[in-house]
Amino acid sequence: MGKDSQSKKAIIVGAGIAGLAAAVRLAVAGYRVEVYDQNEAPGGKLSQFSLGDYRFDFGPSLFTMPQYVDELFVLAGEDPRDHFNYQQLPIVCHYWWEDGTTLDAPAEIAQLADNCAAAFGVDRQKIIDFMAQAAKKYDSSGRIFLEKSLHKADTWLSWEVAKTMLKIPGLDLFKSMHAVHERDLGHPKLVQLFDRYATYNGSNPYKAPGLLSMIPHFEHHFGAYLPEGGMYDISRSVYELAKRLGVQFFLANKVAEITLEGERATGIRTSTGHHSSADLVVCNMDVFLAYDKLLPTARKPERTLRQQKSTSAVIFYWGIRADFAELGVHNILFSDDYQQEFNLMEAGDLSDDPTVYINVSSKLVKEDAPAGKENWFVMVNAPADAGQDWDTLKAQLRQQVIDKIDRILLKDRPESVADLIEEERILGPSDLEILTGSHQGALYGTSSNNPFSAFLRHPNFSKRINDLYFLGGSVHPGGGVPLCLLSARIVGDLIQKQQ
Ligand SMILES: Cc1cc2nc3c(=O)[nH]c(=O)nc-3n(C[C@H](O)[C@H](O)[C@H](O)COP(=O)(O)OP(=O)(O)OC[C@H]3O[C@@H](n4cnc5c(N)ncnc54)[C@H](O)[C@@H]3O)c2cc1C
C-alpha cells in the first residue's frame with residue numbers, strides 16, 4: 001500500500017462476506033476502515049438465525065476453498081486455527097432418484113468413480129477422465145477468470161493470459177455444460193448429477209458454457225467442508241478479526257447515498273442523515289441496487305446492469321422432530337425431468353416436480369438441533385423475482401416438496417414429513433431481495449448462461465467515478481462465498497496499485 005495509507009480512510013457499504021474480507025485487507029494495509037450495514041448482524045446472506053431450539057444458517061451451506069478464509073488470518077499475522085476451524089466431508093453429497101437409484105458421492109475421485117460404476121453400470125474410467133478434464137480447465141483458466149480483474153490492461157498483457165487464450169478451443173467455452181456432460185459421461189443420471197453443478201452459481205446447465213464443468217473439481221480436489229459452528233462461523237470469525245484490527249462497524253445503519261464530488265467518491269450518507277467522508281468507498285451492496293439507490297445521479301453501465309440474473313430459491317427452514325440416518329450434510333432428491341425444470345425457470349415459473357436439496361448441518365454441528373432431531377434447510381431453485389405471486393407459489397411448492405420427500409425418504413415410515421415439522425420459516429425470492437438487498441432475490445448476482453459472462457460482469461471498480469470500488473456476488477468474479485472472497489482480494493490489490 002502507499003506510504004501515506006496510514007492516514008487514509010476507507011468506507012465499506014455492506015458487511016457481507018466480501019465486505020468483511022475487504023475490511024480485514026484494508027485494515028492490515030493501514031487504512032482506517034468503517035463498515036456500514038443495514039442489518040443488525042454482519043454476514044448478509046452468510047448469516048444465521050434460530051427457530052425455537054434449532055439454529056439455521058440463512059443462506060450458503062456448501063463451503064469450498066477454506067484457504068481463502070484462512071489467508072485473511074495469516075495476512076493479519078494470526079493463526080487461523082486459533083479462531084476458525086472446519087472439517088472436510090468424506091461424502092460430498094447423497095443423491096436420490098424417484099426410481100429408487102441412490103448414490104453417495106465421496107470426495108475422493110477413485111471412490112466416486114467406483115460408486116458411479118456400481119450405481120449406473122458405467123466404465124469408472126469415464127469419471128476419472130472427466131475429473132481430469134475438470135482439473136485441466138481449472139488449472140488453465142481458473143486463475144485468470146477468477147483471481148484477476150478482467151477489466152485492467154495489465155491482466156491481458158500477461159504471459160499467463162496468452163497461454164489461456166491458446167487453450168480456449170479445449171475449454172468447451174462454446175458448448176453447453178449439458179452437451180459436454182452428454183459427450184463425456186453419457187449415462188442420463190450421471191449427466192444430471194454433473195449438470196447440477198451449474199446451480200452452484202445460479203446458472204442453467206443447458207445454456208451455461210462447458211467451461212463450468214470445472215466446478216466439481218472444487219469439491220473433489222480441494223474438498224467440501226463444514227465449519228465447526230456451521231457456515232456462520234465464516235462471517236463471525238472474519239468479523240471478529242476485523243474488529244481486532246480496529247475496523248469500526250456501524251450495524252443497523254442503512255446507507256442512502258455514496259457522496260460524490262465531481263468524478264470522485266468522497267464518502268457516504270446514511271438514511272438518518274449521518275455523513276462520513278473517506279478517501280475511498282468500497283461497495284459490497286448488490287451493484288444494480290447500488291446504482292439505483294446510492295448513485296442515482298451517476299451514469300449507469302446499462303448493458304452490464306441489464307444482464308440475466310442468476311436463479312433465486314424458495315427455502316423451507318424446518319425443525320424436524322426425528323432423525324434420518326440415511327441423510328448426510330448435503331442431499332439431493334432429483335426430479336425426473338431436469339430440462340423441463342430449467343425451461344420453466346427461464347419462463348419465470350416452477351416445476352411441479354422440483355429437484356429438492358436438503359442440508360442438515362446438525363449431522364455434524366450437534367448443537368444445531370436438540371438430540372434426536374434435525375435442522376433441515378430445504379431449498380428448491382426458483383427464478384429471480386419478476387413479480388410472481390410468491391405466496392401462492394410457495395404454498396403449492398411446500399406441498400410438492402413434502403410429497404416428494406414422503407415418496408423418496410419416508411416410503412417405509414407411517415407418517416408424512418409434514419407431521420414431523422415442529423418449527424418452520426419459508427422464504428422466497430422477494431423475501432431474499434428485502435432481507436439481503438439482492439436485486440430480484442438472485443442468489444449469485446448475474447447468471448453464467450453466456451460464454452462471455454465472465455467478461456460481462458461489472459468490474460471491481462467504477463470506470464467513471466474515481467475511488468469507488470465494487471465487490472461481492474453481483475460483480476466480478478461472481479457469486480458464491482469463495483468468489484466473493486476473491487473479489488475482496490482483487491479489490492485489495494487494485495487499491496494497492498491505485499492509491
Ligand atoms: C439461499 C442461499 C444459498 C446459497 N448457497 C451457497 C452455497 O451453498 N455456497 C456458496 O458459496 N454460496 C452460496 N450462496 C451465495 C452466497 O451466499 C453469496 O454469494 C455471498 O454470501 C454474497 O456475499 P456478498 O459479500 O456479496 O454480500 P451479501 O451477503 O449479499 O451482503 C450484502 C450486504 O450489504 C448490505 N446492504 C445492502 N444494502 C445496503 C445499504 N443500503 N446500506 C447498508 N448495507 C446494505 C446487506 O444488508 C448485506 O449484509 C447462497 C446464497 C443464498 C441466498
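The values are calculated or read from the model by the stated rules, or taken from the named source; none is laboratory data. All values derive from a computational prediction rather than experimental measurement. Ideal geometry is used to build each Cβ from the backbone, glycine not excepted, and the neighbour counts take in all protein chains shown.
At-a-glance table
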quantity: Per-region count, the range 197-240, residues buried (at least 21 other Cβ atoms within 10 Å of the Cβ) and of a type in the set (Lys, Arg); calculated: 1
quantity: Options Tyr225, Tyr197, Tyr239, Tyr232; residue that is within 14 Å of the ligand (Cβ to nearest atom), within 21 Å of Ala113 (Cβ to Cβ) and either not assigned by TED's automatic domain parsing to the domain that holds Ala382 or not acidic (Asp, Glu) (or both); calculated: Tyr197
quantity: Residues satisfying the stated conditions in the range 257-284, i.e. at pLDDT 95 or above and either surrounded by fewer than 16 Cβ atoms within 10 Å (Cβ to Cβ) or of a type in the set (Lys, Arg) (or both); calculated: Glu261, Arg264, Arg269, Ser271, Thr272, Gly273, His274, His275, Ser277
quantity: Residue check for Ser203: hydroxyl-bearing (Ser, Thr, Tyr) and modelled with pLDDT of 95 or more; calculated: no
quantity: Index of the failed condition, His151 passing every other in (1) part of a helix (DSSP H, G or I); (2) at pLDDT below 90; calculated: (1)
quantity: Selection status of Glu219, part of a helix (DSSP H, G or I), in contact with a helix residue (DSSP H, G or I) (Cβ under 6 Å, 6 or more places away or on another chain), charged (D, E, K, R) and closer than 28 Å to Ser141 by Cα; calculated: no
quantity: Flag for Asp412 being among the acidic types (Asp, Glu) and away from the ligand (no atom under 16 Å from the Cβ); calculated: yes
quantity: Test for Leu241: is it modelled with pLDDT of 95 or more, part of a strand (DSSP E or B), of a type in the set (A, V, I, L, M, F, W, C) and under 24 Å from the mean Cα position of the chain (by Cα); calculated: no
quantity: Enumeration of residues in the range 407-432 that are basic (Lys, Arg), surrounded by 13 or more Cβ atoms within 10 Å (Cβ to Cβ) and at pLDDT 95 or above; calculated: Arg425
quantity: Filtered residue count, the range 289-336, keeping only those that are within 10 Å of the ligand (Cβ to nearest atom), within 30 Å of Ile465 (Cβ to Cβ) and under 18 Å from the mean Cα position of the chain (by Cα); calculated: 2
quantity: Residues being at pLDDT 80 or above and within 15 Å of the ligand (Cβ to nearest atom) - total across the range 448-458; calculated: 2
quantity: Test for Gly246: is it more than 15 Å from the ligand (Cβ to nearest atom), on the phi > 0 side of the Ramachandran plot, modelled with pLDDT of 95 or more and surrounded by fewer than 23 Cβ atoms within 10 Å (Cβ to Cβ); calculated: yes
